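Some notes on the structure that comes next.
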Amino acid sequence: MKILVITERLPSKIGGGAARQLNLIKHLAHRHEFTLASFSSPQDAHRIEEIRPYLKRVEVVWMPERQLPMHSRLYWQLNAWSHSLFAPYPRRGRFKEAQEMRDVVGRLHSRHHFDIVQIHQAYLAETLSSKITAKKVLDMHDVLSDYEHRAMATVSRPSHRFHAWMEWQKMRVYERRQVRKFDHCLTVSEVDRASLLELVPDAPVTIIPNGVDTDYYQPSGCPAKGNNLVFFGSMNFQPNVEGVLWFYRSVLPLVREQIPDIHFTIVGWQPPQEIIDLGADPAITVTGEVDDVRPYIDGAAVVVVPLHLGSGTRLKILDAWAMEKAVVSTSIGAEGLPAKPEENLLLADEAGSFAAAVVRLLRDDSLRDRLGQNGRELVLATFDWNIIVSRLDSIYTSLT
């Protein structure tokens, strides 16, 4: 089959949705002919070589990094308010490069006559014209209306809460309209599937969970580097930023009281200044982008996932499990995964209980080992990409 995949950034093993797209293509490339049309910033151009072996062709629409003007906080607030009050669509619902990508997609389809066009995230439906005759698949790494609803719940000021409520309502309408354009939808968890069916009860939806490359992510057998805690993930993703800041400000001081030599390593590309500034603390390392995250996971005594916002499922937990690492996560951080407290991870949502769980694991080698081993067994049985992509392949077959 000839399949066109449209993504918001180049597929890559760096994590999140980019890693999902890389692995879905990689593990089906021997059965189908894939073409990729992706947005990217110039500094990520090197990632093309990571995905190229699995593609027939690739086209990129370049999106340079945008610099906010002076007084950017005020600028952002005024712009956000103006959008909430006057724009009929959510913030993510329109972007000026969509027309350029629409032209690229139209040209590719007219030349190659794809059997299937697969879109990553609902707002990329803006890149499709009505002339596209291929079957259309929507891969929802997140249900964005769920994300906006949770974002609203984290806001306390009435004016900001109203702004968040407006975005949520607009996203519900927008996402409902976009989903109806597709012949099949994919979600990563039962939670997301239920949310999508609440929006569009007759939508054809299949769960294609996030997975892990269990050959790439393997335990080394080497001991952890002391009392080292590790968080890894894209640091241009606001839930990751807020989670790390909450952990540093509210949880880490409680851990330090009992384990003074604690160290916290933050691994991930494009950290904002407020994360970079944490590196002034001798107990904190902020790496920025790394070529290979595995040595950092390998050096962790405990992997922490202190997220309070987001939807979908967390690839970072699957990667940590694959390397037999003990994990402490919030409930939202582990949402959509078969998380069993005391069996494959520890769950905690408040600062005190999160700190207590971290300290407990640092002091109990046998518990750390048991949680890590159980996590590895789980991903081998359930979350190996080779198992997961067979379900997606069946969907492709049913559509054509």
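Give me the percent relative contact order of the chain, please, defined on Cα pairs under 8 angstrom at least 6 residues apart.
Details: 723 pairs, mean separation 58.1, N = 400.
Relative contact order for the chain comes out at 15 percent.
Cβ under 12 Å from residue 135's Cβ, residue 135 left aside: what net charge do those residues give with Lys, Arg +1 and Asp, Glu -1?
Surrounding charge for residue 135 is +1.
Extending each Cα 7 Å along its Cβ direction at residue 391 and residue 373, get the distance between those two points in nm, one decimal.
Modelled inter-label distance: 2.8 nm.
Can you give me the relative contact order of the stretch 228-382 as a percent, contacts being Cα pairs under 8 Å and 6 or more apart?
24
Near the amide H of residue 118, under 5 Å away, which other amide H atoms are found, from residues 5 or more places off or on another chain, if H is placed in the peptide plane?
4, 5, 6, 137
Using a Cα-Cα cut-off of under 25 Å, which lysines could be cross-linked to residue 26, ignoring same-chain neighbours fewer than 8 residues away?
Result set, ordered by chain and number: 2, 13, 56, 135, 136, 316.
Under the Karplus relation 6.51 cos²θ - 1.76 cosθ + 1.60, θ = phi - 60°, what is the ordered set of whole-Hz ³J(HN,Hα) values for the stretch 215-228, x standing for Gly and Pro?
7, 6, 9, 10, x, 8, x, 7, x, 5, 8, x, 8, 9
Please state the charge dipole magnitude for the chain, taken about the Cα centre, from unit charges on C-beta atoms (+1 on K and R, -1 on D and E), reported in debye and rounded to the nearest 20.
Approximately 1320 debye in magnitude.
Would you grab the residues whose amide H sits under 5 Å from the one on residue 324? Only those 5+ places off in sequence or on another chain, please, with H modelled 1.01 Å from N.
Amide H neighbours of residue 324, under 5 Å, 5+ apart: 376.
So what's the back-of-envelope 222 nm ellipticity for the chain, counting only DSSP H runs of four-plus at -39500 (n - 2.57) apiece and dividing by all residues, rounded to 500? Don't skip to the end; give the middle numbers.
Details: 15 runs with 166 residues, N = 400.
Helix-only estimate at 222 nm: -12500 deg cm²/dmol.
Among 345, 315, 254, which one shows the highest mean-square fluctuation when the chain is modelled as a Gaussian network with alpha-carbon springs under 10 Å?
Among 345, 315, 254, the largest mean-square fluctuation in the Gaussian network model of the chain belongs to 254.
Take the chain, mark every one of the GluC sites (Glu not before Pro) that falls in a DSSP loop and has at most 15 other Cβ within 10 Å, then report the longest stretch left between them, sites excluded.
98-288
Below 12 angstrom from the Cβ of residue 54, what's the summed charge of the other residues (Lys, Arg +1; Asp, Glu -1)? Please list the in-between numbers first.
Details: positive: 26, 31, 52, 56, 57; negative: 33, 49, 50.
My count for the surroundings of residue 54 gives +2.
Taking the structure as given and computing Cα Rg over 2.2 N^0.38 Å, which label from (i) 0.99; (ii) 1.25; (iii) 1.10 fits?
Structure-derived value, by its label: (i).
Two decimals, Cα atoms only, Kirkwood Rh: what is Rg/Rh over the stretch 228-382?
Ratio of gyration radius to Kirkwood radius for the stretch 228-382: 0.93.
Values quoted throughout were computed directly from the atomic coordinates according to the rules given, and no laboratory measurement underlies them. Note that the structure is predicted; figures quoted are calculated from it, not measured. For neighbour counting, all protein chains shown are included, and Cβ atoms are generated from backbone atoms with ideal geometry for every residue, glycine included.
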